[in-house]
Amino acid sequence: LVLVVDFGAQYAQLIARRVREARVYSEIVPHTMPVSEMLARRPKAIILSGGPSSVYAESAPSIDTAVFTAGTPVFGMCYGFQLMARGLGGEVSPTGAREYGRTAVTVGRGGTLLRDVPLEHTVWMSHGDSVTAAPAGFDVLASTATTPVAAFEDVERGLAGVQWHPEVLHTEHGQAVLEHFLVDIAHCRQSWTMVNIVDEQVDRIREQIGERGQAICALSGGVDSAVAAALVQRAIGDRLTCVYVDHGLMRKGETEQIERDFVASTGADLRVVDAEKQFLDALAGVSDPEEKRKIIGREFIRVFEAAEAEVLGPAAAEGEKVAFLVQGTLYPDVVESGGGAGTSNIKSHHNVGGLPDDLEFELVEPLRTLFKDEVRLVGEQLGLPAEIVWRHPFPGPGLGIRIVGEVTRERLDILREADAIAREELTRAGLDRDIWQFPVVLLADVRSVGVQGDHRTYGHPVVLRPVTSEDAMTADWARLPYDVLERISTRITNEVGEINRVTVDITSKPPGTIEWE
Ligand code: XMP
C-alpha cells in the first residue's frame, strides 16, 4: 500500500492512478489525517501531492515533520516537495519567477530518481515559490532556468522529491521517475494486478454479506453496475438478483444484449422488467427536459421497488438480515464526496409490497476503490463481453433526453435507427475507444425540407454529437474523419425514412453540455 496525501491538489487522484499503473496499490488520504494514523496503516511509501498554496501562506496545509523521520520512504511532488524541503531544514523562497505549464528541466546528476532520464526534458510545472537550498544530506539532481533545486533525493533515508508534476501526461518520463521512487528507493513490489482485485473483492463481499444474506442490484446496462454485479455474483452466486428496468428508452438491441450476454458471461439471475408502457404513458405530452428527468426518475424508483419487494420480501418477512443493495460506486465519487473507508447505510422508502417500513439496506460497493479504466479491466478479467466493458456512458433517462420535444414510441423508434447507424459506423472505423460519448439527438419539433428521388420531403434533422472527454465535466467536440461522417449521413438519410438532414454539433463543453437536454 502506498498512501497519497492530498493537499488539495486536483492531481491526487491522478497520482494514485499512476502508482497503480506501476502495479502498486495506492489510496488517497487527506492531509488532515494524523501522521500516526497514516503510519498505522503500514504503507510501503507515502507520496505528498501538490497543492494550491504557498508553504508560507497563513492557512497553508501542512504535515507533521514526523512523516519524514519515521523510516517510511516519502516522495514529495510540487507542494509536497517544498514541504519536505522546508520540514527538513532546506530553504523555500518566493523567487518571484513563477513557472506554469511546460518547462525545460536540466538533469545534473541523475542519481537514483532520475536515472536514465534525458539530461534535457520537458516537465509540467505549477508553482510560485522555489526551493533554493536542499536540506542537509540531500543530493540535488536537477534544475530549471529559475529554480536551482528542482529535484533531490536522500536514498539512504528513502526521501526524494521533484518540483514538477510527474503524474501529468505532459511531463516526459514522469512514470519512469515515479517508478524509480517506488521500486528503487521505496522497494515496493510491483505485484498488484487485476486478478488480485477480483480475488480480493470477492473475499470482501463474502465477508460482508455472509452465509445467508440476499442481495439485489439494479443493472443499467452500463459498465459500472455490470462489473459490480458480476463480482457479487462470483461471491454469492444466485443469492444475488439483478433487476433491469426496461423503460423503453434504451438504444437498439441494448436490452436484448444485456439479457443475452450479461447472463451468458456471468450466470447471474436477471429479471428484466418490461415497463415501457408505464414510462411512455407517464411521459405523454411532456417536452420540458427537467420534467422528463423527474418523471423517469420517479417511475424508475416505483418499478425497482416493486421488483425489490418481490425478490426480498419473503426473506425479509422472516426477519433475516437480507437486504444488501449492490451499487457500482467508483473511487472518484467516494473521494469527491469526502468519504473514507467503510460502508454506509441508506434507508429505502418502501411504499409497496408489505416490507417493513424501516428495512435498511446495507450497501455493497465493490468498486469503491477503483477508477473507471480499472473497472473496465476487472470487467475483462471477469469475462464480460467487450460491448459491455467498453460501452460509452449512457444517461439514466436514456433516449428520453435525446428527443427534443415530446417522447413517443414512434419518435424513439426513429432515433433508435439513426443512433444504431452512427454507432455501427463508429465501431467499423475503429474509433470507439477514442470517443467518450456519441449521442445522436432527434430534433423532433423541428422539420426541414429536403429532396429525395424526385420528391420533396418534409422530415426531421438529427444532430450527431461525438465528444472527447476524460470525465464528462469538460468535453470537446470530436474531429471525426469526414469519410466516417459521410457514411453516417448517407446511411441515416437513406435508411431512416423520417430523417432528411444530418448535422454535427461542434460546441465544446462549456459552453454546451454533452447532452442536448
Ligand atoms: P452533460 O449533458 O451535463 O452530461 O454534459 C454529462 C454526463 O452526464 C450524463 N447525463 C446524465 N446521466 N442522468 C444520468 O444518469 C441524467 O439525467 C443525465 N444527464 C446527463 C451525460 O450522458 C454525460 O455523460
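The values are calculated or read from the model by the stated rules, or taken from the named source; none is laboratory data. As the structure is a prediction and not an experimental result, all values here were calculated from the model. Note that each Cβ is placed from the backbone with ideal geometry, even for glycine, and that neighbours are counted across all protein chains shown.
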Matching residues, region 425-439, being within 16 Å of the ligand (Cβ to nearest atom) and not in a helix (DSSP H, G or I): 435, 436, 437, 438, 439
If residue 514 passes every condition in (1) within 16 Å of the ligand (Cβ to nearest atom); (2) closer than 27 Å to residue 457 by Cβ; (3) of a type in the set (Val, Ile, Thr) but one, which one does it miss? (2)
Looking only at region 502-517, filter to residues that are assigned to a strand (DSSP E or B) and modelled with pLDDT of 95 or more; which one of those is farthest from residue 333 (Cα to Cα)? 502
Out of the residues in region 222-246 meeting the condition of being under 28 Å from residue 208 (Cα atoms), in contact with an Asp or Glu (Cβ under 7 Å, 6 or more places away or on another chain) and of a type outside the set (A, V, I, L, M), tell me which one is modelled with the lowest pLDDT. 238
Evaluate region 384-398: report whether one residue or more is among the acidic types (Asp, Glu) and within 30 Å of residue 237 (Cβ to Cβ). yes
Of (1) of a type in the set (Phe, Trp, Tyr); (2) farther than 25 Å from residue 155 by Cβ; (3) at pLDDT 95 or above, residue 100 satisfies every one except (3)
With criteria (1) within 24 Å of the chain's Cα centre (by Cα); (2) without any contact (Cβ under 8 Å) to a residue 12 or more places away in the chain, residue 211 comes up short on (1)
Checking residue 420 against (1) within 27 Å of residue 220 (Cβ to Cβ); (2) under 31 Å from the mean Cα position of the chain (by Cα); (3) in a loop (DSSP other than H, G, I, E, B); (4) modelled with pLDDT of 95 or more, which test does it fail? (3)
Filter result for the condition that a residue is of a type in the set (A, V, I, L, M), over 24 Å from the mean Cα position of the chain (by Cα) and within 16 Å of the ligand (Cβ to nearest atom), over 295, 236: 295
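Yes/no per residue for (1) among the basic types (Lys, Arg); (2) in the same structural domain as residue 157 (by TED's automatic domain parsing); (3) surrounded by fewer than 19 Cβ atoms within 10 Å (Cβ to Cβ):
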residue: 30; (1), (2), (3): no, yes, yes
residue: 41; (1), (2), (3): yes, yes, yes
residue: 44; (1), (2), (3): yes, yes, yes
residue: 48; (1), (2), (3): no, yes, no
residue: 67; (1), (2), (3): no, yes, no
With the requirement that a residue be closer than 23 Å to residue 513 by Cβ and assigned to a loop (DSSP other than H, G, I, E, B), what does region 477-501 give you? 478, 479, 480
Could you please find all residues in region 55-71 being among the polar types (S, T, N, Q) and out of contact with any His (no Cβ under 9 Å at 6 or more places or on another chain)? 59, 65, 69
In region 439-454, is there at least one residue being within 22 Å of the chain's Cα centre (by Cα), of a type in the set (Ser, Thr, Tyr) and under 30 Å from residue 291 (Cα atoms)? no
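Residues checked against (1) in contact (Cβ under 8 Å) with a residue 60 or more places away in the chain; (2) in contact with a Phe, Trp or Tyr (Cβ under 6 Å, 6 or more places away or on another chain); (3) away from the ligand (no atom under 16 Å from the Cβ):
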| residue | (1), (2), (3) |
| --- | --- |
| 476 | no, no, no |
| 489 | no, no, yes |
| 496 | yes, no, yes |
| 499 | yes, no, yes |
| 510 | no, no, no |
Selection from region 478-487 of residues that are charged (D, E, K, R) and within 16 Å of the ligand (Cβ to nearest atom): none
Across region 452-470, which residue is surrounded by the fewest Cβ atoms within 10 Å (Cβ to Cβ) among those that are farther than 17 Å from residue 415 by Cα and within 16 Å of the ligand (Cβ to nearest atom)? 470
Being among the charged types (D, E, K, R), over 29 Å from the mean Cα position of the chain (by Cα) and outside any helix (DSSP H, G or I) is the filter here, so list the residues in region 265-287 that pass it. 274
Among the strands (runs of 3 or more DSSP E) contained in region 120-195, which hold 2 or more residues that are touching a residue at least 40 places away in the same chain (Cβ under 8 Å)? 120-127, 130-133, 151-154, 159-162
Matching residues in region 478-487 (touching a strand residue (DSSP E or B) at 6+ places or on another chain (Cβ under 9 Å) and either within 30 Å of residue 333 (Cβ to Cβ) or in contact (Cβ under 8 Å) with a residue 12 or more places away in the chain (or both)) number 3
Would you mind stating whether residue 508 is surrounded by fewer than 16 Cβ atoms within 10 Å (Cβ to Cβ), under 24 Å from residue 395 (Cα atoms) and not hydrophobic (A, V, I, L, M, F, W, C)? yes
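So that you can scan it fast, the table gives a plain yes or no per residue for (1) of a type in the set (Phe, Trp, Tyr); (2) modelled with pLDDT of 95 or more; (3) in contact with a Leu (Cβ under 9 Å, 6 or more places away or on another chain):
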{"position": "248", "(1), (2), (3)": "no, yes, yes"}
{"position": "253", "(1), (2), (3)": "no, no, no"}
{"position": "257", "(1), (2), (3)": "no, no, no"}
{"position": "262", "(1), (2), (3)": "yes, no, yes"}
{"position": "276", "(1), (2), (3)": "no, yes, yes"}
{"position": "288", "(1), (2), (3)": "no, yes, no"}
{"position": "296", "(1), (2), (3)": "no, no, yes"}
{"position": "312", "(1), (2), (3)": "no, no, yes"}
